[in-house]
Amino acid sequence: MRVSGAIRTSVIVLVGTTVAACSTFLPGTHVPRNAAGAGAGAGTVANPASGAPGVLQDSRLKIEGVVRIPDGDNSEGIVVRAYPAFGPPDSLYFEGVTDKNGRFSITLPDGTYNLIARRPGSTYRAIKWQVQAATFVDLDLTPTGTLKGKVVAGSLGDLTGIEVFVPGTDIVGRTDAKGNYTLNNVPQGSYQVAAKATGYGIGQAASTQVTAGQTATAGDISLSPAATAKGGLKGRLVYPDNSAAAGLTVTIDGNGANSSTATAGDGSFTVKDLPASYVRLTVNVNGFQPLSLRLVVFAGQTTDLVEEIRLVAAGGGGSTPQPSGGGSTPQPSGGGSTPQPSGGASP
């Protein structure tokens, strides 16, 4: 289905299938990124096992759109990637490539995604936040900016190598010994940078605006020991017809989390006192596909998943994402080149 006009509000759907092993990933294919640090080169490709983190479930929808670049230059070959909107930086992504008219099409499961468009060999990029599957979007490439900041962790002397990232993207970097970091080639937009260190909960800075050609400085990211760094999640479950999924058990586990709650009459749920880390939300209901979603919990915050999480009827999808209409090699509308997973620190 194609929806014209403004971006609709988003729906999150879950996961639990594997991706067939292959050495090259074509446009529209669901592939993992290499979670390398700042300045890393081309990444390697992993083949996730069944149930591995970040493996998405097939619902065969599309995000379509047009990418434009300044001065009417050739819009062919621009890479567009769709990342799970609330996922950690090692989440898998879907990818498409524009044709000569700048059009792209990405086949992916129903859900909420952040889109990043980039032209290979150029610093012109664009980002679009919280895009729903089955949506038509416009992306305008602009020059990128730089985002700098600092991570503070009281009991750590040497702060070298702490991972900093923007959730729901592949924008990743590392700190120096004093906790300073620099993220280059960041698309113009508003960002909340997070940081993760061994033995500490994930912290997040306040929102910072990045302007093309400028350097923005984010507020400090303060990290607390993992034992005391707690946060929460809230959202709403619905059935395929959008009716409230009341009385269902939502379980959060992973990295020390072990919590569950029942959805309210309107399908809403809130889970608090979770470790500030990467966690997995699961729901298992007879007659529906198992629901499993990787999420980031931030210290001192309750993350709102924004829109409904939709259950998928059992038998509603296959094991490997395919383009609408079948076939073994997903391709974007109008063709395109064969990109590889990025291993860079920023898009």
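The values are calculated or read from the model by the stated rules, or taken from the named source; none is laboratory data. Because the structure is predicted, anything quoted here is derived from the model rather than measured. Note that we place each Cβ from the backbone using ideal geometry, even for glycine, and neighbour counts take in every protein chain shown.
Just for segment 243-263: of the residues that are buried (at least 17 other Cβ atoms within 10 Å of the Cβ) and in contact with a Gly (Cβ under 9 Å, 6 or more places away or on another chain), which one is farthest from Pro275 (Cα to Cα)?
Per the criteria, the residue is Ala244.
Name the single residue, out of those in segment 120-158 being part of a loop (DSSP other than H, G, I, E, B), more than 22 Å from the chain's Cα centre (by Cα) and touching a residue at least 24 places away in the same chain (Cβ under 8 Å), that is nearest to Val306 (Cα to Cα).
Taking segment 120-158 first, the residues part of a loop (DSSP other than H, G, I, E, B) are 120-123, 133-134, 141, 144, 153-158.
Narrowing further to those that are more than 22 Å from the chain's Cα centre (by Cα): 121-122, 153-158.
Of the ones still in play, those that are also touching a residue at least 24 places away in the same chain (Cβ under 8 Å) are 153, 155-156.
Working: Ala153: 30, Ser155: 35, Leu156: 35 Å.
Among them, the one singled out is Ala153.
Take Gly102 and tell me if it is at pLDDT 95 or above and crowded, with 24+ Cβ neighbours inside 10 Å.
Values: at pLDDT 95 or above: yes; crowded, with 24+ Cβ neighbours inside 10 Å: no.
Here the answer is no, as Gly102 does not meet what is asked.
Being hydroxyl-bearing (Ser, Thr, Tyr) and under 18 Å from Ala134 (Cα atoms) is the filter here; which residues of segment 81-105 pass it? If you could, list the steps in order and put the result at the bottom.
Just the residues of segment 81-105 that are hydroxyl-bearing (Ser, Thr, Tyr), to begin with: 83, 91, 93, 98, 105.
Within segment 81-105, Tyr83, Tyr93, Thr98, Ser105 qualify.
Across segment 172-195, what is the total count of residues that are of a type outside the set (S, T, N, Q), outside any strand (DSSP E or B) and in contact with a strand residue (DSSP E or B) (Cβ under 6 Å, 6 or more places away or on another chain)? First the steps, then the outcome.
Residues of segment 172-195 that are of a type outside the set (S, T, N, Q), as a first pass: 172-174, 176-179, 181, 183, 186-187, 189, 191, 193-195.
Cutting the leftovers down to outside any strand (DSSP E or B) gives us 176-179, 187, 193.
Within this subset, residues satisfying the condition of being in contact with a strand residue (DSSP E or B) (Cβ under 6 Å, 6 or more places away or on another chain) are 179, 187, 193.
Total meeting the criteria: 3.
Per-residue answers, yes or no, for (1) outside any strand (DSSP E or B); (2) modelled with pLDDT under 90; (3) over 25 Å from Gly173 (Cβ atoms); (4) not assigned by TED's automatic domain parsing to the domain that holds Leu183:
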site: Lys272; (1), (2), (3), (4): no, no, yes, yes
site: Val279; (1), (2), (3), (4): no, no, no, yes
site: Thr329; (1), (2), (3), (4): yes, yes, yes, yes
site: Thr338; (1), (2), (3), (4): yes, yes, yes, yes
site: Ala345; (1), (2), (3), (4): yes, yes, no, yes
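All but one of (1) buried (at least 24 other Cβ atoms within 10 Å of the Cβ); (2) touching a Lys or Arg at 6+ places or on another chain (Cβ under 9 Å) hold for Ala134; state the number of the condition that does not hold.
(1)
Residues Gly203, Gly213, Gly232, Gly199: which one is within 16 Å of Gly300 (Cβ to Cβ), surrounded by fewer than 21 Cβ atoms within 10 Å (Cβ to Cβ) and not hydrophobic (A, V, I, L, M, F, W, C)? Before you say what the answer is, go through the steps one by one.
Working: Gly203 fails: surrounded by fewer than 21 Cβ atoms within 10 Å (Cβ to Cβ); Gly213 fails: within 16 Å of Gly300 (Cβ to Cβ); Gly199 fails: within 16 Å of Gly300 (Cβ to Cβ).
Answer to the selection: Gly232.
Looking at segment 60-81, which of its residues are in contact (Cβ under 8 Å) with a residue 40 or more places away in the chain, surrounded by fewer than 24 Cβ atoms within 10 Å (Cβ to Cβ) and small (Gly, Ala, Ser)?
Result: Gly77, single match.
Does Gly235 meet the test of being under 19 Å from the mean Cα position of the chain (by Cα) and assigned to a loop (DSSP other than H, G, I, E, B)?
On the way: under 19 Å from the mean Cα position of the chain (by Cα): yes; assigned to a loop (DSSP other than H, G, I, E, B): no.
Considered against the rule, which asks whether it is under 19 Å from the mean Cα position of the chain (by Cα) and assigned to a loop (DSSP other than H, G, I, E, B), Gly235 comes out as no.
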